[in-house]
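Step one of this worksheet: look at the structure below.
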Amino acid sequence: MRLRRINLLQVVPGLTVGGTEKMFVQFLPLFNKARYNLSVCCLKGRGVLSNELKERGIKVEYLNMPRGPGFLILLDSFRAIIKLFYLMKKRKIDIVHSYLFRANILCRITAKLAGVPVVISSMQGIEVTRMCPLLLEKVTSPLVDKFTAVSDAIRIYIIQKARIDPEKIVTIHNGIGLIEANVAPIERKEFGLRPGVPIVGVVGRLAKEKGHEYLLNAVRIVIREYPQAHFLVVGDGAQRKELVNLAFDLGLKDHITFTGYRRDVLRVLALFDIFALATFWEGLSMVILEAMVMAKPVVTTNVVGNPEVVVDGVTGFLVAPRDAEGLAERILTLLRDENLRKRMGSAGRRRIEEKFTIERMVSETEKLYGELLVKKRGEKRGNKS
């Protein structure tokens, strides 16, 4: 007898450029199409990653939910719940899997109302530091069958802060596609760089929590010994103007290029000799995975999920957050030693191949779905008897 396909709904708040969203784009096309009937929903409207999903054959339902102030958030949330409810009922959803705080809360409530058998919430980062979100997390957590965390550090944090039963949360590390790394580097002349100029770079949102100001202060130290090195800051965000001004004030305008948002991130990463990230918080950084799959040595901070990916002294270096001098010293260590850069880059690529592939992530997720469905069906039979 042919098994009925499982109706799976995946929900994400938006499709802007972020680690979760980039993972989402790679993750969805790999589900077993013979086993799963996939539906995808985005709470907001179209984002910069929408076309990438379309190109991969993934249709998305957009709820066009605005981010209103004050009481409008409640009104918009109520509207979203109604739309999600009808979507879940119409598609006869068996599993709803949501990502990030807003989608998690709305999907838990809606799935309960719609009678969805299995509800999964993915915890991607430190999202519940404030009192109100933490309270909502605690109140709605009984509606969840399983939480997934992108790193062991996030799992421990959620257990401690939200008082979730440790048996109810499992770690499934983010993954990345290996084949996507087979790209040619972008032309150096696009950034006005001569052949042979050492390139140190960072990719990510230009936001406070990424610690870019500490990287810029590290750059000032590095160029005293290595004035020929050039630094690329790839990405955009609210802090861009502030960072450009800081770079000017530090006398770095000839040593640093702000590229803005780039869709061809891997091609830009292919130019780098060293990847450096001074972040304060990372659940499990997709951009670090991208740098390592491109065989680049990584210098980053020893916060949250970073030590689960970067092996200090093997695939790169870990430094304390807010330590510009420590960051600069490790960058200089790598600039001085080309063989060390190559060894660490190769070790990083091997680590991705062994532990952090997107295929491994999908396999572990599908296994979890199967286990939860079997458990739910067993509970249903037990209740009938």
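Considering only residues of the stretch 359-376 that are at pLDDT 95 or above and of a type in the set (Val, Ile, Thr), which is nearest to Val119 (Cα to Cα)? So, considering only residues that are at pLDDT 95 or above and of a type in the set (Val, Ile, Thr), the one nearest to Val119 (Cα to Cα) is Thr365.
Yes/no per residue for (1) of a type outside the set (A, V, I, L, M, F, W, C); (2) over 25 Å from Ser141 (Cα atoms); (3) touching a helix residue (DSSP H, G or I) at 6+ places or on another chain (Cβ under 8 Å):
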position: Val25; (1), (2), (3): no, yes, yes
position: Ala34; (1), (2), (3): no, yes, no
position: Gly45; (1), (2), (3): yes, yes, no
position: Ser50; (1), (2), (3): yes, yes, no
position: Glu55; (1), (2), (3): yes, yes, no
position: Arg108; (1), (2), (3): yes, no, yes
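Condition check for Glu359 on (1) crowded, with 19+ Cβ neighbours inside 10 Å; (2) in a helix (DSSP H, G or I): one failure, at (1). The strands (runs of 3 or more DSSP E) found wholly in the stretch 169-269 and carrying at least 2 residues that are in contact with a His (Cβ under 8 Å, 6 or more places away or on another chain) occupy 199-203, 230-234, 256-260. If you go through the stretch 304-347 and keep only what is of a type in the set (Gly, Ala, Ser), at pLDDT 95 or above and closer than 17 Å to Thr279 by Cβ, you end up with Gly316, Ala320, Ala324, Gly326, Ala328. Spot the failing condition for Ile176; the list is (1) more than 30 Å from Tyr369 (Cα to Cα); (2) surrounded by 19 or more Cβ atoms within 10 Å (Cβ to Cβ), and only one is missed. Tallying (1) more than 30 Å from Tyr369 (Cα to Cα); (2) surrounded by 19 or more Cβ atoms within 10 Å (Cβ to Cβ), Ile176 fails exactly one: (1). One residue stands out in the stretch 93-125 among those that are modelled with pLDDT under 95 and in a loop (DSSP other than H, G, I, E, B): the one that is surrounded by the fewest Cβ atoms within 10 Å (Cβ to Cβ), namely Leu100.
Among all positions in the stretch 72-92, there is at least one residue which is in a loop (DSSP other than H, G, I, E, B), touching a residue at least 60 places away in the same chain (Cβ under 8 Å) and assigned by TED's automatic domain parsing to the domain that holds Ser151.
Within the stretch 32-39, one or more residues are of a type in the set (Phe, Trp, Tyr), assigned by TED's automatic domain parsing to the domain that holds Tyr99 and either modelled with pLDDT of 85 or more or part of a strand (DSSP E or B) (or both). Scan the stretch 160-219 for residues that are within 30 Å of Thr140 (Cα to Cα) and among the polar types (S, T, N, Q) and the total you get is 3.
One residue stands out in the stretch 132-172 among those that are in contact with an Asp or Glu (Cβ under 8 Å, 6 or more places away or on another chain) and in contact (Cβ under 8 Å) with a residue 40 or more places away in the chain: the one that is surrounded by the fewest Cβ atoms within 10 Å (Cβ to Cβ), namely Asp152.
Counting the residues of the stretch 39-57 that are β-branched (Val, Ile, Thr) and over 17 Å from Val17 (Cβ atoms) gives 1.
A residue that is in contact (Cβ under 8 Å) with a residue 60 or more places away in the chain, in contact with a Gly (Cβ under 7 Å, 6 or more places away or on another chain) and not assigned by TED's automatic domain parsing to the domain that holds Leu136 cannot be found anywhere in the stretch 173-187. Exactly one residue out of Arg350, Arg381 is assigned to a helix (DSSP H, G or I), modelled with pLDDT under 95, surrounded by fewer than 16 Cβ atoms within 10 Å (Cβ to Cβ) and over 18 Å from the mean Cα position of the chain (by Cα), and it is Arg381. In the stretch 244-266, is there at least one residue being touching a residue at least 60 places away in the same chain (Cβ under 8 Å), more than 25 Å from Val183 (Cα to Cα) and surrounded by fewer than 23 Cβ atoms within 10 Å (Cβ to Cβ)? Within the stretch 244-266, not a single residue is touching a residue at least 60 places away in the same chain (Cβ under 8 Å), more than 25 Å from Val183 (Cα to Cα) and surrounded by fewer than 23 Cβ atoms within 10 Å (Cβ to Cβ). Of the set (1) over 30 Å from Ser363 (Cβ atoms); (2) touching an Asp or Glu at 6+ places or on another chain (Cβ under 9 Å); (3) at pLDDT 90 or above, all apply to Cys42 but (1).
The values are calculated or read from the model by the stated rules, or taken from the named source; none is laboratory data. The structure presented is a predicted model; accordingly, all values stated were derived computationally and were not measured. A quick note on method: Cβ atoms are made from the backbone with ideal geometry, for glycine too, and the neighbour counts reach across all protein chains shown.
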